[in-house]
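J.: Got a structure here, written out as C-alpha coordinates. Questions coming.
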Amino acid sequence: MASKPRDLIYGLDDGPPLGDLLILGCQHIFLMSSTLVLPIVLVTEIGGTFDEVRSVIALTMIACGIGTIVQSLRCRFIGSGFVCPNLCGPNFFTASMEAAWLGGLPLLRGMTIVAGLAEAVFARFVHRLAFLFPPEITGLVVLMVAQGLVTLGVSKFLGINFEGEPIQLDTVSIASVTLLIMIGVNIWGKGNLRLYSVFLGFFFGYILSVALGVLPLSRLAEVLGAPWVALPFLENSLEIAFDWSLVPVFVIVSITGALKSFGNLIMCEKINDEAWQAPDMRRVSNGLVADAAAVASSGLLGGMASDTSASNVALTKASGATSRGIAYVAGGLFILLAFFPKVSGLLSAMPSPVMGAILVYVSSFMIFSGIQIILGSGVDTRKTFVIGIPLIFGLSLDIAPSLFADVPPILRPLFESSLTLSTVMAVLLHQLLRIGGPRATPQAH
(Lines give C-alpha, C1' and ligand atoms only; values in the text may rest on other atoms or scores of the structure.)
Protein backbone atom coordinates (compact mmCIF):
# COMPACT_ATOMS: atom_id res chain seq x y z
CA MET A 1 0.00 0.00 0.00
CA ALA A 2 1.28 3.48 -0.88
CA SER A 3 2.74 5.58 1.93
CA LYS A 4 1.72 9.24 1.75
CA PRO A 5 4.82 11.48 1.58
CA ARG A 6 5.22 13.95 4.41
CA ASP A 7 5.58 16.93 2.10
CA LEU A 8 2.08 16.46 0.64
CA ILE A 9 -0.56 18.74 2.11
CA TYR A 10 -3.39 16.91 0.35
CA GLY A 11 -2.84 13.29 -0.72
CA LEU A 12 -4.76 11.23 -3.29
CA ASP A 13 -7.66 10.34 -1.03
CA ASP A 14 -7.84 13.60 0.90
CA GLY A 15 -10.75 15.98 0.43
CA PRO A 16 -9.58 19.62 0.36
CA PRO A 17 -12.09 22.37 1.22
CA LEU A 18 -14.07 23.71 -1.73
CA GLY A 19 -12.11 26.97 -1.84
CA ASP A 20 -8.78 25.17 -2.03
CA LEU A 21 -10.16 22.77 -4.65
CA LEU A 22 -11.25 25.63 -6.89
CA ILE A 23 -7.92 27.48 -6.65
CA LEU A 24 -5.88 24.31 -7.13
CA GLY A 25 -8.07 23.31 -10.08
CA CYS A 26 -7.60 26.77 -11.65
CA GLN A 27 -3.82 26.47 -11.33
CA HIS A 28 -3.96 23.28 -13.39
CA ILE A 29 -6.24 24.99 -15.91
CA PHE A 30 -3.60 27.70 -16.43
CA LEU A 31 -1.11 25.04 -17.51
CA MET A 32 -3.67 23.05 -19.49
CA SER A 33 -4.37 26.25 -21.45
CA SER A 34 -0.72 26.83 -22.33
CA THR A 35 -0.94 24.91 -25.63
CA LEU A 36 -4.32 26.20 -26.83
CA VAL A 37 -2.41 28.35 -29.29
CA LEU A 38 -1.80 25.18 -31.35
CA PRO A 39 -5.41 24.82 -32.60
CA ILE A 40 -5.36 28.53 -33.46
CA VAL A 41 -2.24 28.09 -35.62
CA LEU A 42 -3.47 24.89 -37.26
CA VAL A 43 -6.94 26.06 -38.25
CA THR A 44 -5.66 29.46 -39.36
CA GLU A 45 -2.97 27.87 -41.55
CA ILE A 46 -5.54 25.83 -43.50
CA GLY A 47 -7.73 28.90 -44.04
CA GLY A 48 -10.28 28.28 -41.30
CA THR A 49 -12.71 30.97 -40.21
CA PHE A 50 -12.77 32.63 -36.80
CA ASP A 51 -15.78 30.51 -35.81
CA GLU A 52 -13.93 27.34 -36.83
CA VAL A 53 -10.90 28.37 -34.76
CA ARG A 54 -13.09 29.06 -31.74
CA SER A 55 -14.94 25.76 -32.15
CA VAL A 56 -11.80 23.63 -32.51
CA ILE A 57 -10.33 25.27 -29.39
CA ALA A 58 -13.53 24.57 -27.45
CA LEU A 59 -13.79 20.96 -28.64
CA THR A 60 -10.13 20.39 -27.75
CA MET A 61 -10.81 21.75 -24.26
CA ILE A 62 -13.77 19.40 -23.83
CA ALA A 63 -11.66 16.39 -24.86
CA CYS A 64 -8.86 17.42 -22.48
CA GLY A 65 -11.34 17.86 -19.64
CA ILE A 66 -12.79 14.41 -20.29
CA GLY A 67 -9.30 12.89 -20.38
CA THR A 68 -8.34 14.58 -17.10
CA ILE A 69 -11.40 13.18 -15.31
CA VAL A 70 -11.13 9.68 -16.80
CA GLN A 71 -7.44 9.50 -15.88
CA SER A 72 -8.25 10.23 -12.25
CA LEU A 73 -10.68 7.29 -12.06
CA ARG A 74 -9.46 4.06 -10.49
CA CYS A 75 -11.41 1.46 -12.45
CA ARG A 76 -10.48 -2.10 -13.36
CA PHE A 77 -9.60 -1.42 -16.99
CA ILE A 78 -9.20 2.35 -17.30
CA GLY A 79 -7.77 5.21 -15.28
CA SER A 80 -4.70 5.43 -13.05
CA GLY A 81 -6.41 7.26 -10.19
CA PHE A 82 -3.84 10.07 -10.35
CA VAL A 83 -4.02 13.80 -11.06
CA CYS A 84 -2.43 13.67 -14.52
CA PRO A 85 -4.29 16.29 -16.61
CA ASN A 86 -4.49 16.44 -20.39
CA LEU A 87 -3.68 19.33 -22.68
CA CYS A 88 -3.48 19.82 -26.44
CA GLY A 89 -0.50 17.60 -27.33
CA PRO A 90 2.45 19.49 -28.90
CA ASN A 91 4.00 16.20 -30.08
CA PHE A 92 0.95 15.63 -32.32
CA PHE A 93 1.14 19.06 -33.93
CA THR A 94 3.33 18.32 -36.98
CA ALA A 95 1.40 15.15 -37.89
CA SER A 96 -1.92 16.94 -37.29
CA MET A 97 -0.87 19.80 -39.56
CA GLU A 98 0.08 17.35 -42.31
CA ALA A 99 -3.32 15.65 -42.08
CA ALA A 100 -5.15 18.97 -42.05
CA TRP A 101 -3.27 20.15 -45.16
CA LEU A 102 -4.09 16.93 -47.03
CA GLY A 103 -7.72 16.50 -46.09
CA GLY A 104 -8.86 19.32 -43.85
CA LEU A 105 -10.47 18.83 -40.45
CA PRO A 106 -12.27 15.57 -41.43
CA LEU A 107 -8.93 13.84 -42.12
CA LEU A 108 -7.44 15.33 -38.95
CA ARG A 109 -10.31 13.80 -36.96
CA GLY A 110 -9.95 10.39 -38.59
CA MET A 111 -6.18 10.15 -38.07
CA THR A 112 -6.47 11.36 -34.46
CA ILE A 113 -8.86 8.47 -33.80
CA VAL A 114 -6.27 6.11 -35.35
CA ALA A 115 -3.65 7.49 -32.96
CA GLY A 116 -5.93 6.85 -29.99
CA LEU A 117 -6.57 3.25 -31.08
CA ALA A 118 -2.82 2.65 -31.57
CA GLU A 119 -2.08 3.84 -28.05
CA ALA A 120 -4.88 1.68 -26.65
CA VAL A 121 -3.25 -1.41 -28.21
CA PHE A 122 0.14 -0.42 -26.80
CA ALA A 123 -1.41 0.17 -23.37
CA ARG A 124 -2.86 -3.34 -23.19
CA PHE A 125 0.60 -4.90 -23.64
CA VAL A 126 2.76 -2.52 -21.63
CA HIS A 127 2.19 -4.33 -18.32
CA ARG A 128 3.95 -7.35 -19.79
CA LEU A 129 7.07 -5.26 -20.37
CA ALA A 130 7.99 -4.60 -16.73
CA PHE A 131 11.33 -6.38 -17.16
CA LEU A 132 12.34 -3.74 -19.72
CA PHE A 133 11.87 -0.85 -17.29
CA PRO A 134 13.96 -1.19 -14.11
CA PRO A 135 14.03 1.91 -11.85
CA GLU A 136 17.02 3.51 -13.57
CA ILE A 137 15.28 3.41 -16.97
CA THR A 138 11.97 4.69 -15.58
CA GLY A 139 13.97 7.52 -14.03
CA LEU A 140 15.53 8.25 -17.42
CA VAL A 141 12.06 8.38 -19.01
CA VAL A 142 10.91 10.89 -16.35
CA LEU A 143 14.08 12.95 -16.88
CA MET A 144 13.68 13.03 -20.67
CA VAL A 145 9.99 13.99 -20.40
CA ALA A 146 11.06 16.93 -18.23
CA GLN A 147 13.90 17.76 -20.61
CA GLY A 148 11.31 18.10 -23.37
CA LEU A 149 9.89 21.10 -21.52
CA VAL A 150 13.25 22.85 -21.16
CA THR A 151 13.60 24.37 -24.63
CA LEU A 152 10.00 25.54 -24.72
CA GLY A 153 10.17 26.96 -21.19
CA VAL A 154 13.46 28.82 -21.67
CA SER A 155 12.46 30.21 -25.09
CA LYS A 156 9.26 31.60 -23.59
CA PHE A 157 11.21 32.90 -20.58
CA LEU A 158 13.59 34.82 -22.86
CA GLY A 159 10.92 35.95 -25.31
CA ILE A 160 12.51 34.14 -28.27
CA ASN A 161 10.24 32.50 -30.82
CA PHE A 162 12.73 31.91 -33.66
CA GLU A 163 16.43 31.07 -33.71
CA GLY A 164 18.57 34.20 -33.96
CA GLU A 165 16.08 36.55 -32.31
CA PRO A 166 17.46 38.85 -29.58
CA ILE A 167 16.51 38.28 -25.95
CA GLN A 168 13.57 40.46 -24.92
CA LEU A 169 14.55 42.22 -21.69
CA ASP A 170 10.98 43.13 -20.73
CA THR A 171 9.95 39.50 -21.17
CA VAL A 172 12.88 38.28 -19.05
CA SER A 173 12.01 40.83 -16.36
CA ILE A 174 8.38 39.70 -16.14
CA ALA A 175 9.35 36.03 -16.22
CA SER A 176 11.97 36.52 -13.51
CA VAL A 177 9.57 38.29 -11.17
CA THR A 178 6.87 35.67 -11.82
CA LEU A 179 9.33 32.83 -11.15
CA LEU A 180 10.69 34.45 -7.98
CA ILE A 181 7.16 34.97 -6.64
CA MET A 182 6.35 31.28 -7.15
CA ILE A 183 9.65 30.15 -5.61
CA GLY A 184 9.28 32.54 -2.67
CA VAL A 185 5.74 31.42 -1.91
CA ASN A 186 6.77 27.77 -2.14
CA ILE A 187 9.79 28.11 0.17
CA TRP A 188 8.67 30.74 2.67
CA GLY A 189 4.89 30.56 2.42
CA LYS A 190 3.17 29.78 5.73
CA GLY A 191 0.49 27.14 6.15
CA ASN A 192 -1.36 26.28 2.95
CA LEU A 193 -0.05 29.33 1.06
CA ARG A 194 2.29 26.99 -0.86
CA LEU A 195 -0.80 25.60 -2.58
CA TYR A 196 -1.31 28.89 -4.40
CA SER A 197 2.22 29.58 -5.66
CA VAL A 198 1.37 29.22 -9.37
CA PHE A 199 -1.90 31.13 -8.97
CA LEU A 200 -0.09 34.11 -7.41
CA GLY A 201 2.68 34.02 -10.01
CA PHE A 202 0.10 33.84 -12.80
CA PHE A 203 -1.85 36.80 -11.37
CA PHE A 204 1.12 39.15 -10.98
CA GLY A 205 2.64 37.98 -14.27
CA TYR A 206 -0.52 38.99 -16.16
CA ILE A 207 -0.57 42.41 -14.49
CA LEU A 208 3.08 43.06 -15.34
CA SER A 209 2.57 41.83 -18.91
CA VAL A 210 -0.28 44.28 -19.48
CA ALA A 211 1.61 47.13 -17.80
CA LEU A 212 4.74 46.63 -19.93
CA GLY A 213 2.86 45.99 -23.17
CA VAL A 214 3.93 42.35 -23.53
CA LEU A 215 0.26 41.41 -23.56
CA PRO A 216 -1.09 43.92 -26.11
CA LEU A 217 -4.34 45.71 -25.43
CA SER A 218 -5.45 44.65 -28.92
CA ARG A 219 -5.27 41.02 -27.80
CA LEU A 220 -7.39 41.83 -24.78
CA ALA A 221 -9.82 43.64 -27.07
CA GLU A 222 -10.19 40.43 -29.10
CA VAL A 223 -10.98 38.54 -25.92
CA LEU A 224 -13.52 41.16 -24.82
CA GLY A 225 -15.11 41.06 -28.27
CA ALA A 226 -15.84 37.35 -28.03
CA PRO A 227 -19.33 36.28 -26.93
CA TRP A 228 -19.89 35.29 -23.30
CA VAL A 229 -21.55 32.00 -24.18
CA ALA A 230 -21.29 29.99 -27.39
CA LEU A 231 -21.80 26.38 -28.44
CA PRO A 232 -18.81 24.81 -30.21
CA PHE A 233 -20.15 23.79 -33.60
CA LEU A 234 -18.56 22.78 -36.89
CA GLU A 235 -20.64 22.36 -40.05
CA ASN A 236 -18.78 19.20 -41.08
CA SER A 237 -18.42 17.86 -37.53
CA LEU A 238 -19.73 14.40 -38.50
CA GLU A 239 -17.33 13.98 -41.45
CA ILE A 240 -14.41 11.65 -40.75
CA ALA A 241 -11.78 10.78 -43.37
CA PHE A 242 -8.91 8.29 -43.45
CA ASP A 243 -5.61 8.01 -45.33
CA TRP A 244 -3.43 4.88 -45.19
CA SER A 245 -0.30 6.88 -46.04
CA LEU A 246 -0.57 8.75 -42.73
CA VAL A 247 -1.03 5.68 -40.53
CA PRO A 248 2.71 5.07 -39.85
CA VAL A 249 3.23 8.72 -38.85
CA PHE A 250 0.30 8.77 -36.44
CA VAL A 251 1.18 5.37 -34.94
CA ILE A 252 4.74 6.53 -34.27
CA VAL A 253 3.51 9.79 -32.75
CA SER A 254 1.01 7.92 -30.57
CA ILE A 255 3.72 5.56 -29.26
CA THR A 256 5.94 8.55 -28.50
CA GLY A 257 3.03 10.15 -26.65
CA ALA A 258 2.46 6.90 -24.77
CA LEU A 259 6.10 6.84 -23.64
CA LYS A 260 5.73 10.41 -22.41
CA SER A 261 2.57 9.47 -20.52
CA PHE A 262 4.43 6.43 -19.17
CA GLY A 263 6.97 8.80 -17.61
CA ASN A 264 4.25 11.11 -16.30
CA LEU A 265 2.41 8.24 -14.61
CA ILE A 266 5.60 6.94 -13.01
CA MET A 267 6.18 10.46 -11.72
CA CYS A 268 2.66 10.41 -10.25
CA GLU A 269 3.41 7.13 -8.48
CA LYS A 270 6.60 8.48 -6.96
CA ILE A 271 4.98 11.73 -5.84
CA ASN A 272 2.24 9.82 -4.04
CA ASP A 273 4.29 7.03 -2.46
CA GLU A 274 7.18 7.77 -0.13
CA ALA A 275 8.27 4.11 -0.30
CA TRP A 276 8.09 3.90 -4.12
CA GLN A 277 10.54 1.42 -5.65
CA ALA A 278 9.18 0.25 -9.03
CA PRO A 279 6.25 1.12 -11.30
CA ASP A 280 2.91 -0.60 -10.94
CA MET A 281 2.69 -1.64 -14.59
CA ARG A 282 -1.01 -2.56 -14.52
CA ARG A 283 -1.87 0.84 -13.09
CA VAL A 284 0.31 2.48 -15.73
CA SER A 285 -1.42 0.38 -18.39
CA ASN A 286 -4.84 1.57 -17.23
CA GLY A 287 -3.54 5.13 -17.25
CA LEU A 288 -2.40 4.75 -20.84
CA VAL A 289 -5.84 3.39 -21.77
CA ALA A 290 -7.34 6.57 -20.28
CA ASP A 291 -4.89 8.65 -22.30
CA ALA A 292 -5.79 6.69 -25.45
CA ALA A 293 -9.48 7.34 -24.76
CA ALA A 294 -8.74 11.06 -24.47
CA VAL A 295 -6.90 11.09 -27.81
CA ALA A 296 -9.71 9.18 -29.54
CA SER A 297 -12.28 11.53 -27.95
CA SER A 298 -10.41 14.48 -29.42
CA GLY A 299 -10.86 13.00 -32.87
CA LEU A 300 -14.49 12.05 -32.37
CA LEU A 301 -15.39 15.51 -31.06
CA GLY A 302 -13.39 17.41 -33.68
CA GLY A 303 -10.56 18.85 -31.62
CA MET A 304 -6.79 18.38 -31.76
CA ALA A 305 -5.18 15.35 -30.11
CA SER A 306 -4.64 15.62 -26.36
CA ASP A 307 -1.76 14.35 -24.27
CA THR A 308 -0.94 14.03 -20.56
CA SER A 309 0.87 17.09 -19.25
CA ALA A 310 4.28 16.74 -17.58
CA SER A 311 4.08 20.29 -16.26
CA ASN A 312 0.76 19.58 -14.54
CA VAL A 313 2.17 16.45 -12.91
CA ALA A 314 5.14 18.46 -11.65
CA LEU A 315 2.71 21.09 -10.35
CA THR A 316 1.14 18.51 -8.02
CA LYS A 317 4.59 18.00 -6.49
CA ALA A 318 5.31 21.73 -6.34
CA SER A 319 1.99 22.58 -4.71
CA GLY A 320 1.92 19.57 -2.38
CA ALA A 321 -1.61 18.66 -3.49
CA THR A 322 -2.42 15.43 -5.37
CA SER A 323 -6.05 14.87 -4.31
CA ARG A 324 -7.94 13.32 -7.23
CA GLY A 325 -10.73 15.77 -6.42
CA ILE A 326 -8.49 18.41 -8.02
CA ALA A 327 -8.63 16.47 -11.30
CA TYR A 328 -12.43 16.35 -11.17
CA VAL A 329 -12.58 20.13 -10.62
CA ALA A 330 -9.90 20.97 -13.23
CA GLY A 331 -11.43 18.66 -15.85
CA GLY A 332 -14.98 19.82 -15.15
CA LEU A 333 -14.06 23.50 -15.25
CA PHE A 334 -12.07 23.04 -18.47
CA ILE A 335 -15.13 21.50 -20.11
CA LEU A 336 -17.35 24.29 -18.77
CA LEU A 337 -15.00 27.04 -19.93
CA ALA A 338 -15.21 25.67 -23.48
CA PHE A 339 -18.68 27.24 -23.61
CA PHE A 340 -17.42 30.66 -22.41
CA PRO A 341 -15.22 32.11 -25.19
CA LYS A 342 -14.23 35.21 -23.20
CA VAL A 343 -12.69 33.15 -20.40
CA SER A 344 -11.09 30.52 -22.64
CA GLY A 345 -9.74 33.33 -24.83
CA LEU A 346 -8.10 35.00 -21.83
CA LEU A 347 -6.42 31.72 -20.89
CA SER A 348 -5.25 31.05 -24.45
CA ALA A 349 -3.72 34.56 -24.52
CA MET A 350 -1.32 33.66 -21.69
CA PRO A 351 1.73 35.97 -22.00
CA SER A 352 4.98 34.32 -23.06
CA PRO A 353 6.94 35.26 -19.90
CA VAL A 354 4.24 33.88 -17.60
CA MET A 355 4.18 30.61 -19.53
CA GLY A 356 7.98 30.43 -19.49
CA ALA A 357 8.23 31.06 -15.76
CA ILE A 358 5.65 28.39 -14.94
CA LEU A 359 7.34 25.81 -17.20
CA VAL A 360 10.79 26.49 -15.68
CA TYR A 361 9.29 26.30 -12.18
CA VAL A 362 7.53 22.95 -12.58
CA SER A 363 10.26 21.39 -14.75
CA SER A 364 12.72 21.80 -11.90
CA PHE A 365 10.70 19.39 -9.75
CA MET A 366 10.41 16.81 -12.48
CA ILE A 367 14.11 16.88 -13.39
CA PHE A 368 15.09 16.38 -9.77
CA SER A 369 12.61 13.51 -9.38
CA GLY A 370 14.03 11.79 -12.46
CA ILE A 371 17.54 12.05 -11.00
CA GLN A 372 16.31 10.70 -7.66
CA ILE A 373 14.73 7.66 -9.33
CA ILE A 374 17.90 6.94 -11.33
CA LEU A 375 20.16 7.15 -8.26
CA GLY A 376 17.69 5.52 -5.88
CA SER A 377 18.42 2.00 -7.11
CA GLY A 378 22.17 2.41 -6.57
CA VAL A 379 24.97 3.13 -9.01
CA ASP A 380 27.32 0.70 -10.74
CA THR A 381 29.32 0.65 -13.95
CA ARG A 382 26.61 -1.13 -15.95
CA LYS A 383 23.97 1.46 -14.99
CA THR A 384 26.41 4.24 -15.83
CA PHE A 385 26.46 3.09 -19.45
CA VAL A 386 22.75 2.15 -19.59
CA ILE A 387 21.77 5.70 -18.57
CA GLY A 388 24.74 7.79 -19.68
CA ILE A 389 24.95 6.75 -23.33
CA PRO A 390 21.20 7.16 -24.11
CA LEU A 391 21.19 10.49 -22.28
CA ILE A 392 24.13 11.72 -24.38
CA PHE A 393 22.48 10.79 -27.67
CA GLY A 394 19.06 12.04 -26.58
CA LEU A 395 20.43 15.44 -25.60
CA SER A 396 22.50 15.65 -28.79
CA LEU A 397 19.34 15.10 -30.85
CA ASP A 398 17.72 18.13 -29.18
CA ILE A 399 20.85 20.29 -29.24
CA ALA A 400 22.00 19.54 -32.80
CA PRO A 401 19.32 17.65 -34.76
CA SER A 402 21.25 18.21 -38.01
CA LEU A 403 23.77 15.60 -36.83
CA PHE A 404 21.17 12.93 -37.55
CA ALA A 405 19.95 14.27 -40.89
CA ASP A 406 21.34 11.28 -42.83
CA VAL A 407 19.91 8.55 -40.62
CA PRO A 408 18.58 5.67 -42.80
CA PRO A 409 14.80 5.91 -43.40
CA ILE A 410 14.18 2.63 -41.58
CA LEU A 411 15.63 4.15 -38.38
CA ARG A 412 14.09 7.59 -38.81
CA PRO A 413 11.14 6.93 -36.41
CA LEU A 414 13.61 6.50 -33.53
CA PHE A 415 14.96 9.98 -34.15
CA GLU A 416 11.64 11.80 -34.17
CA SER A 417 11.92 12.41 -30.42
CA SER A 418 14.78 12.50 -27.89
CA LEU A 419 12.48 10.67 -25.47
CA THR A 420 11.94 7.82 -27.93
CA LEU A 421 15.64 7.59 -28.85
CA SER A 422 16.83 7.61 -25.23
CA THR A 423 14.26 5.09 -24.06
CA VAL A 424 14.89 2.59 -26.86
CA MET A 425 18.67 2.86 -26.46
CA ALA A 426 18.44 2.40 -22.69
CA VAL A 427 16.20 -0.67 -23.00
CA LEU A 428 18.51 -2.28 -25.57
CA LEU A 429 21.65 -1.53 -23.56
CA HIS A 430 20.03 -2.81 -20.37
CA GLN A 431 19.29 -6.15 -22.02
CA LEU A 432 22.68 -6.36 -23.76
CA LEU A 433 24.75 -5.60 -20.66
CA ARG A 434 22.85 -8.13 -18.57
CA ILE A 435 24.41 -10.94 -20.63
CA GLY A 436 26.70 -12.98 -18.44
CA GLY A 437 25.74 -11.07 -15.29
CA PRO A 438 23.30 -11.76 -12.43
CA ARG A 439 19.66 -11.42 -13.41
CA ALA A 440 17.53 -9.33 -11.12
CA THR A 441 13.96 -10.37 -10.57
CA PRO A 442 11.65 -7.81 -12.23
CA GLN A 443 9.49 -5.87 -9.80
CA ALA A 444 5.88 -5.56 -10.83
CA HIS A 445 2.62 -5.18 -9.00
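J.: Out of (1) of a type outside the set (A, V, I, L, M); (2) at pLDDT 90 or above; (3) over 25 Å from the mean Cα position of the chain (by Cα), the odd one out for Pro390 is which?
T.: Answer for Pro390: the failing condition is (3).
J.: Of all residues in segment 344-358, which are part of a helix (DSSP H, G or I) and either of a type outside the set (S, T, N, Q) or modelled with pLDDT of 75 or more (or both)?
T.: Selection gives Gly345, Leu346, Leu347, Ser352, Pro353, Val354, Met355, Gly356, Ala357, Ile358.
J.: So, of the residues in segment 115-146 that are of a type outside the set (A, V, I, L, M, F, W, C) and modelled with pLDDT under 80, which turns out to be nearest to the chain's Cα centre (by Cα)?
T.: That would be Thr138.
J.: Hey, can you tell me all the residues within segment 317-340 that are open to solvent by 10 Å² or more (accessible area, probe 1.4 Å) and farther than 24 Å from Phe368 by Cα?
T.: Gly325, Tyr328, Val329, Gly332, Leu333, Ile335, Leu336, Leu337, Phe339, Phe340
J.: Any idea how many residues of segment 193-214 are touching an Asp or Glu at 6+ places or on another chain (Cβ under 7 Å) and either closer than 22 Å to Pro16 by Cβ or surrounded by fewer than 16 Cβ atoms within 10 Å (Cβ to Cβ) (or both)?
T.: 2
J.: Within segment 152-167, take every residue that is surrounded by 12 or more Cβ atoms within 10 Å (Cβ to Cβ) and at pLDDT 80 or above and give me the one that is farthest from Pro390 (Cα to Cα).
T.: Only one residue tops the list, namely Gly159.
J.: For segment 168-191, how many residues meet the condition of being closer than 19 Å to Ala314 by Cβ, more than 21 Å from the chain's Cα centre (by Cα), of a type outside the set (Gly, Ala, Ser) and at pLDDT below 90?
T.: Residues that pass the stated criteria total 3.
For every residue, the table says whether it meets (1) hydrophobic (A, V, I, L, M, F, W, C); (2) in contact (Cβ under 8 Å) with a residue 60 or more places away in the chain.
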| residue | (1), (2) |
| --- | --- |
| Pro227 | no, yes |
| Leu231 | yes, yes |
| Glu235 | no, no |
| Val247 | yes, yes |
| Phe262 | yes, yes |
| Cys268 | yes, yes |
| Ile271 | yes, yes |
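J.: Which one of these does Gly48 not meet: (1) over 25 Å from Ser352 (Cα atoms); (2) at pLDDT below 90?
T.: The number of the failed condition is (1).
J.: What number of residues within segment 277-316 are open to solvent by 10 Å² or more (accessible area, probe 1.4 Å) and out of contact with any Pro (no Cβ under 8 Å at 6 or more places or on another chain)?
T.: 10
J.: Suppose we keep only residues that are of a type in the set (A, V, I, L, M, F, W, C) and closer than 18 Å to Trp276 by Cβ within segment 1-31. Which one would you say is surrounded by the fewest Cβ atoms within 10 Å (Cβ to Cβ)?
T.: The qualifying residue surrounded by the fewest Cβ atoms within 10 Å (Cβ to Cβ) is Met1.
J.: Against the conditions (1) in contact with a Phe, Trp or Tyr (Cβ under 8 Å, 6 or more places away or on another chain); (2) closer than 22 Å to Gln27 by Cα; (3) buried (at least 20 other Cβ atoms within 10 Å of the Cβ), where does Val177 fall short? Just the number, please.
T.: Answer for Val177: the failing condition is (3).
J.: Something else now. When you go through (1) among the aromatic types (Phe, Trp, Tyr); (2) touching a Lys or Arg at 6+ places or on another chain (Cβ under 8 Å); (3) open to solvent by less than 10 Å² (accessible area, probe 1.4 Å) one by one for Phe365, which number turns out not to apply?
T.: (3)
J.: When you check Thr35 against the structure, is it hydroxyl-bearing (Ser, Thr, Tyr), within 23 Å of the chain's Cα centre (by Cα) and buried (at least 17 other Cβ atoms within 10 Å of the Cβ), yes or no?
T.: Considered against the rule, which asks whether it is hydroxyl-bearing (Ser, Thr, Tyr), within 23 Å of the chain's Cα centre (by Cα) and buried (at least 17 other Cβ atoms within 10 Å of the Cβ), Thr35 comes out as yes.
J.: Now a separate question. Answer with yes or no whether Ile255 is hydrophobic (A, V, I, L, M, F, W, C), assigned to a helix (DSSP H, G or I) and within 16 Å of Gly139 (Cβ to Cβ).
T.: It is false that Ile255 is hydrophobic (A, V, I, L, M, F, W, C), assigned to a helix (DSSP H, G or I) and within 16 Å of Gly139 (Cβ to Cβ).
J.: Output the residues belonging to segment 38-84 that are open to solvent by 10 Å² or more (accessible area, probe 1.4 Å), farther than 23 Å from Val329 by Cα and within 18 Å of the chain's Cα centre (by Cα).
T.: The answer is Leu38, and nothing else.
J.: Among the residues in segment 415-430, are any open to solvent by 60 Å² or more (accessible area, probe 1.4 Å) and in contact (Cβ under 8 Å) with a residue 40 or more places away in the chain?
T.: Yes, segment 415-430 contains at least one residue that is open to solvent by 60 Å² or more (accessible area, probe 1.4 Å) and in contact (Cβ under 8 Å) with a residue 40 or more places away in the chain.
J.: Would you point out the residue of segment 232-252, among those that are modelled with pLDDT under 80 and under 21 Å from Ile57 (Cβ atoms), that is least open to solvent (accessible area, probe 1.4 Å)?
T.: Leu234
J.: Still on this structure, please answer the following. For segment 258-310, what are the residues that are over 18 Å from Met111 (Cα atoms), in a helix (DSSP H, G or I) and polar (S, T, N, Q)?
T.: Ser261, Asn264, Asn272, Ser285, Asn286
J.: Given the conditions (1) among the small types (Gly, Ala, Ser); (2) in contact with a helix residue (DSSP H, G or I) (Cβ under 6 Å, 6 or more places away or on another chain); (3) over 28 Å from Asn192 (Cα atoms), which single one is not true for Ala321?
T.: (3)
The values are calculated or read from the model by the stated rules, or taken from the named source; none is laboratory data. Nothing here was measured: the structure is a model prediction, and the numbers come from that model. Ideal geometry is used to build each Cβ from the backbone, glycine not excepted, and the neighbour counts take in all protein chains shown. The protein model used for the area step is the full one, side chains on, heavy atoms only, and it has no ligands, DNA or RNA in it. Shrake-Rupley method; radii C 1.70, N 1.55, O 1.52, S 1.80 Å.
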